[in-house]
């Protein structure tokens, strides 16, 4: 499982209780967990220790330039795939990252919340596909 920390934390870094329950339920199945973080490594490690969030690997956004945080997340996940890691699913609040990774064949779960941080999501127009048609495509 790959999880963007944006999907787990509030803007102040505190854990959203309902998301903790989801995260811990998923971890209970012995799934290896990779956390993606947009904030520096040391800050992330301290917060995760304080909140007692178990994980296997943290991938922090490097100081090198990326077009956007979304592009960095997509790049981080595709690097995991290129290194032969099996990704069961991806969780994030970023609709563009979820949609793009779903197109790569990764099961993606879009969690609602903090979407206002992603202006491109607010302006993106897409057609709704009935569930029966979507299921038939799979």
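The values are calculated or read from the model by the stated rules, or taken from the named source; none is laboratory data. What you see is a predicted model; the values in this text were computed from it and never measured. Please note: Cβ atoms are built from the backbone with ideal geometry, for glycine as well, and neighbour counts cover all protein chains shown.
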- Which condition breaks for residue 48 when tested against (1) at negative phi; (2) surrounded by fewer than 16 Cβ atoms within 10 Å (Cβ to Cβ); (3) out of contact with any helix residue (DSSP H, G or I) (no Cβ under 8 Å at 6 or more places or on another chain)? (2)
- State all residues of segment 92-120 that are at pLDDT below 75 and within 19 Å of residue 10 (Cα to Cα); if no residue qualifies, say none. 113, 114, 115, 116, 117, 118, 119
- Query: Only one residue in 108, 84 is more than 25 Å from residue 46 (Cβ to Cβ) and surrounded by 15 or more Cβ atoms within 10 Å (Cβ to Cβ). Which one?
  - Reply: 108
- Message: Looking at the structure I just gave you, is residue 35 within 23 Å of residue 102 (Cα to Cα) and either in contact with a helix residue (DSSP H, G or I) (Cβ under 8 Å, 6 or more places away or on another chain) or touching a residue at least 40 places away in the same chain (Cβ under 8 Å) (or both)?
- Response: yes
- Name the pairs whose Cβ atoms lie under 9 Å apart, with the first residue in segment 62-81 and farther than 18 Å from residue 96 by Cα, the second assigned to a helix (DSSP H, G or I), and 6 or more positions between them or separate chains? 62/72
- Task: Output the residue which, of all residues in segment 51-64 that are surrounded by fewer than 16 Cβ atoms within 10 Å (Cβ to Cβ) and within 18 Å of residue 12 (Cα to Cα), is modelled with the highest pLDDT.
- Result: 52
